[in-house]
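Just so it is clear, none of the values below were taken in a lab; they were calculated from the coordinates. Quick caveat: nothing in here was measured; it's all calculated off a predicted structure. No Cβ is skipped: glycine too gets one built from the backbone with ideal geometry, and neighbour counts run over all protein chains shown.
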Amino acid sequence: MKNIPHAVAVIGGGPAGLMAAEVLIHGGVRVEVYDAMPSVGRKFLRAGKGGLNITHVEPLDLFLSRYGARRAQIKPLLDSFGPGALREWVHGLGIATFAGSSGRVFPADMKAAPLLRAWLHRLREAGVNFHMRHRWRGWNENGALRFDTAQGEVVVRADAVVLALGGGSWARLGSDGAWVPLLAQRGIAVAPLRPANCGFDVGWSAHFSEKFAGQPLKSVSVSFTDAAGHSHTRRGDVMVTASGVEGGPIYALSAMLRDEIEARGEAVLYLDLAPGKDLSRVIAEVCHPRGSRSMSSHLQSRANIRGVQSGLLRELLPRTDFDHPERLAAAIKSLPLRLIAARPRDEAISSAGGVAFEALDEHLMVRSMPGVFCAGEMLDWEAPTGGYLLTACFSSGRHAGRGVVDWLEGAHPS
C-alpha cells in the first residue's frame with residue numbers, strides 16, 4: 001500500500017512561512033500555504049522598496065546582541081541558519097548580494113521582487129500549493145482549521161500547522177494581529193503587540209509643523225540615557241514629521257524610548273546638531289562677533305546651522321538663550337527633545353510582543369497544542385532595522401519547519 005504523505009498547513013506567506021514551506025516540502029511533506037492577501041510576501045516587497053536589507057555581516061556575538069532580552073531564544077535559531085547561511089541561500093536562488101559600507105547586506109540590484117519571484121517559482125516547482133484570500137479564523141470544535149474565503153467558510157484538516165502570521169504593523173499588507181485573540185482563546189500566552197522601529201510624537205507648534213514637516217536633520221547624533229544610566233548614541237538622518245520625529249537613529253533607540261515613555265510618561269533624548277565639532281569650537285563660532293547680521297545668518301555662516309536645524313532651536317529653546325552664546329552653543333551640541341508618545345503600531349516598521357517563547361518548546365511547537373508551531377514576527381521578540389528582523393524571520397521559519405518534520409517522524413515527543 002502506498003504511503004500517503006503528511007499534509008501540513010502553513011498559515012502566512014511571509015518570509016517565515018515560505019521558509020517553513022521550503023523545509024517541509026523537502027522533508028517529504030505535502031505543503032499547503034494559506035494567506036489572507038491576494039498574493040504572498042506583500043510586507044517583504046514593501047520592505048524592499050528602499051533597498052532590501054537581508055542581513056548584516058557583523059560578528060555573530062554583536063549580531064545576537066541586537067535581540068536584547070530575547071538573545072537566548074534567538075541564538076539557537078541563528079546557530080542553525082545564521083546571517084552567512086542566509087546569504088548563501090539567497091545566492092542559491094541566483095541572486096547576488098553585496099555588503100555595504102555599514103555592513104548591511106543587500107541583493108545586487110537592491111530589489112525584493114526578483115528574489116521573491118525566484119523563490120516562489122522554486123517552491124511551486126517543488127510542489128508547494130498556495131491558497132490566497134484565505135483568512136484564518138482559528139479552529140472548529142473538531143480541531144480543523146477555519147478559513148473565510150469569498151466563497152464562504154472553508155474547513156481544512158492538517159497533520160500539523162505552522163503559524164507565521166506576522167506581527168501587528170502595516171495591517172494593509174496583512175500583518176494586522178488579528179490572530180492574537182484566536183490564540184488567547186486557546187490559553188496560549190501572548191504578550192501585547194506594541195510598535196517597534198517606530199517614530200515618536202513631540203507635539204510641535206503648528207508653525208513649526210507646517211514649515212518643517214518632511215524635512216531631514218542631516219547627519220545628527222542622537223543620544224539617550226536609559227534607566228540604568230547607560231548612554232546610547234546613534235548617528236544619521238532624523239526626519240521631522242508633522243507630529244514628531246522618525247528615521248534610522250530614532251528606530252535604533254525606539255525600544256528603549258517606547259519603554260521609557262510607558263514607564264515615565266515621556267522620554268528625553270539629546271540631539272547634537274554639529275557632531276563633527278566639539279563644544280569649545282561651537283562656542284567659539286557662536287561667540288564670534290556677528291555685527292549687523294541676524295542670528296540666523298550668523299549661525300548659518302559660523303556653525304552651519306540653517307533651515308530645519310535653526311527652526312528646531314527656535315522651537316525648543318527659550319528666546320533668552322539666543323542672547324547667551326554659550327547657552328546657545330551648548331544647545332547646538334546637546335538639544336533636549338521630549339518625546340511624549342510612540343506613533344501607532346500600524347505605522348511602525350515592526351512590532352514587539354507576540355507568542356511567548358515560554359509557551360513553546362525548543363522546536364517552536366506550542367506546548368499545549370502538539371502539532372502547532374509558530375514562527376516569524378508573531379513570536380515575542382524585536383530587533384532594530386539592519387537585516388536583523390528578516391534574518392530572525394527566515395531562521396525561525398526554517399527552525400519551525402524542521403521541527404514539524406521531526407515531530408511527524410516521531411523524533412521529538414509531544
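With both partners inside the chain, how many of the DSSP beta bridges are antiparallel, as a percent to the nearest 5?
Working: 42 of 58 bridges.
Antiparallel: roughly 70 percent of the beta bridges in the chain.
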Dipole magnitude of the chain about its Cα centre, charges +1 at Lys/Arg Cβ and -1 at Asp/Glu Cβ only, in debye to the nearest 20?
1040
Sorted by mean Cβ packing within 10 Å, highest first, what order do the peptides 68-77, 236-245, 285-294 take?
236-245, 68-77, 285-294
Can you tell which of N140, N197, N53 shows the greatest fluctuation in a Gaussian network model of the chain with Cα springs below 10 Å?
N140
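Between beta-carbons, use under 12 Å as the cut-off and find the net charge around S65, counting Lys and Arg +1, Asp and Glu -1. Working shown, then result.
Values: positive: R66, R70, R71, K75; negative: E58, D61.
Around S65, the surrounding residues sum to +2.
Please express the shape of segment 95-160 as an equivalent ellipsoid: the semi-axes are the square roots of 5 times the eigenvalues of the C-alpha gyration tensor, given largest first in whole angstrom. If you can, show how the numbers build up before the last one.
Values: eigenvalues 278, 40, 28 Å².
Calculated on Cα positions only, the semi-axes equal 37, 14, 12 Å.
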Give me the angle, in degrees from 0 to 90, between the Cα long axis of helix 15-26 and the longest principal axis of the Cα atoms of the chain, rounded to the nearest 10.
30
Using +1 at the Cβ of each Lys and Arg and -1 at the Cβ of each Asp and Glu in segment 284-352, identify which of P336, P325, S297 lies farthest towards the dipole's positive end.
S297
Could you run the Debye sum over the Cα atoms of segment 212-355, one equal point scatterer each and no solvent, and tell me log10 of I(q)/I(0) at q = 0.09, 0.12, 0.13 Å⁻¹, two decimals?
-0.30, -0.52, -0.60
I'd like the distance between the alpha-carbon centres of segment 167-196 and segment 273-334, rounded to an integer number of Å.
46
Under Karplus coefficients 6.51, -1.76 and 1.60, residue-wise ³J(HN,Hα) of segment 284-299 in Hz, glycine/proline x:
4, 5, 5, 6, 4, x, 9, x, 8, 5, 5, 4, 4, 5, 4, 5
Have a look at H232, H207, H134 and tell me which one the Gaussian network model of the chain (Cα, springs below 10 Å) gives the largest fluctuation.
H207
How are the alpha carbon pair distances in segment 86-209 distributed across 5 Å bins from zero to the largest one, expressed in percent?
2, 7, 11, 13, 14, 15, 13, 11, 7, 4, 2, 1, 0
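For segment 200-342, with only Lys/Arg (+1) and Asp/Glu (-1) charged at the beta-carbon, what is the dipole magnitude about the Cα centre, in debye rounded to 20?
Values: 17 positive and 16 negative charges, 133 e Å.
Charge dipole of segment 200-342: 640 debye, to the nearest 20.
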Gap separating the Cα centres of segment 42-64 and segment 66-106, nearest whole Å
8
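Taking Rh as the Kirkwood radius computed over C-alpha pairs, what is the Stokes-Einstein D of the chain at 37 °C in a medium of viscosity 0.692 mPa s, expressed in µm² per second?
So the translational diffusion coefficient is about 141 µm²/s.
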Highest GNM mean-square fluctuation among A392, A330, A20, for the chain with Cα springs under 10 Å, belongs to A330
Enumerate the calculated ³J(HN,Hα) couplings along segment 372-378 in order (Karplus 6.51 cos²θ - 1.76 cosθ + 1.60, θ = phi - 60°), each rounded to whole Hz, writing x wherever the residue is Gly or Pro.
10, 10, 10, 7, x, 6, 6
Overall dimensions of segment 170-288 as given by Cα atoms, namely Rg and Dmax in Å
18.5, 69
Integer Hz, Karplus 6.51/-1.76/1.60 couplings in order for segment 215-230, x for Gly and Pro
9, x, 8, 7, 6, 9, 10, 10, 10, 9, 10, 7, 4, 8, x, 8
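Most exposed first by the Cβ proxy, i.e. fewest other Cβ within 10 Å, how do L271, L173, L328 rank? Walk me through the numbers before you get to the answer.
On the way: L271 24, L173 17, L328 21.
In increasing order of surrounding Cβ atoms, one gets L173, L328, L271.
Using the C-alpha gyration tensor of segment 275-414, what are the square roots of 5 times its eigenvalues, in whole angstrom, with the largest one first? Could you put the intermediate results ahead of the total?
Values: eigenvalues 664, 41, 25 Å².
Whole-Å semi-axes of the equivalent ellipsoid: 58, 14, 11.
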Residue-averaged [θ]222 nm for the chain, counting only DSSP H segments that reach four residues, each worth -39500 (n - 2.57)
-10500 deg cm²/dmol
Given the options L273, V155, G12, identify the residue whose Cα lies farthest towards the positive end of the charge dipole of the chain (+1 on Cβ of Lys, Arg; -1 on Cβ of Asp, Glu).
L273
